[in-house]
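Worksheet: the structure to be examined is printed underneath.
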Amino acid sequence: MAYTDEYGVQYSDDKKKLIRFESNLFSKDLAEYCVPYGTEIIGSKSLMGNKSIKVIHLPYSIRLIESEAFSDCKIDEIHFAGDIEQWLQISWKGLLSKGYRLYFNDTDLVESVIIPESISVIKESAFYYCTSLKSVIFNKNITLIEHDAFNKSGLKGILSIPKSCQTIKQLAFFNCSGITRVKIPEATQSVWYGAFSACYGVQSFVVSSGNEHLF
């Protein structure tokens, strides 16, 4: 069984999973859509190829974005009803096809973030293609920055990896062309393939003199 809302959007019967956004007479010209609170999963390929939606509102109940959920979409803005801590709880398996602006609490444009003390891992694709993000301040508990975490984001200026960070995975900061300087601390043991590839603005890459793992 499934539930379909007034715009032709199909959900699971318990309304916890968005299954499919149908292109019908009601939804084909819809430029903005609000996913209702209680939805936990944006299903695989659910909005794939949708050219009409430019602004999407996500509730803080979202926990998982499945593969290709937003593939080949034209989304310009994501308005998230929660805060940075709740955003970092989301597991992203479906990436966006273009840059987007992110808003927290539905209205606050995200240009700078301070990672809360409760967060020790920046999940994969957490800020993938988030072009509105210009700076990030990490807490002292970060041990891992997952792959694609800041891939193609709008980060600019000096990027200081926190002293606690042990691993930076592949493509974590890929194509962050606004970054001008990278500082790697003593604790970082591994930087995976392509973590800083295509960061064409980087003028200096500094590894702490006490780091015995990187050269």
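The values are calculated or read from the model by the stated rules, or taken from the named source; none is laboratory data. Given the structure is predicted, the values throughout are model-derived calculations rather than measurements. Glycine also receives a Cβ, built like all others from the backbone with ideal geometry; neighbour counts cover every protein chain displayed. Just the protein is used for accessible areas: all its heavy atoms, side chains included, with ligands, DNA and RNA removed. Shrake-Rupley method; radii C 1.70, N 1.55, O 1.52, S 1.80 Å.
Quick notes on this structure:
- Selection from segment 55-86 of residues that are at pLDDT 95 or above, assigned to a loop (DSSP other than H, G, I, E, B) and closer than 25 Å to residue 135 by Cα: 59, 60, 62, 63, 75, 76, 81, 82, 83
- Candidates 174, 150 - the one that is among the aromatic types (Phe, Trp, Tyr) and open to solvent by 30 Å² or more (accessible area, probe 1.4 Å): 174
- The set of residues in segment 96-114 being more than 15 Å from residue 156 (Cβ to Cβ) and polar (S, T, N, Q) consists of 97, 105, 107.
- Positions within segment 17-37 being open to solvent by less than 30 Å² (accessible area, probe 1.4 Å) and either part of a strand (DSSP E or B) or at pLDDT 95 or above (or both), in sequence order: 18, 21, 33, 35
- Every test in (1) without any contact (Cβ under 8 Å) to a residue 40 or more places away in the chain; (2) of a type outside the set (Ser, Thr, Tyr); (3) in contact with a strand residue (DSSP E or B) (Cβ under 8 Å, 6 or more places away or on another chain); (4) under 18 Å from residue 133 (Cα atoms) is passed by residue 106 save one, and that test is (1).
- Scanning segment 9-16 for any residue that is open to solvent by less than 10 Å² (accessible area, probe 1.4 Å) and closer than 18 Å to residue 91 by Cβ turns up nothing.
- Taking the criterion of being among the polar types (S, T, N, Q) and part of a loop (DSSP other than H, G, I, E, B), the residues of segment 134-162 that qualify are 139, 141, 143, 151, 153.
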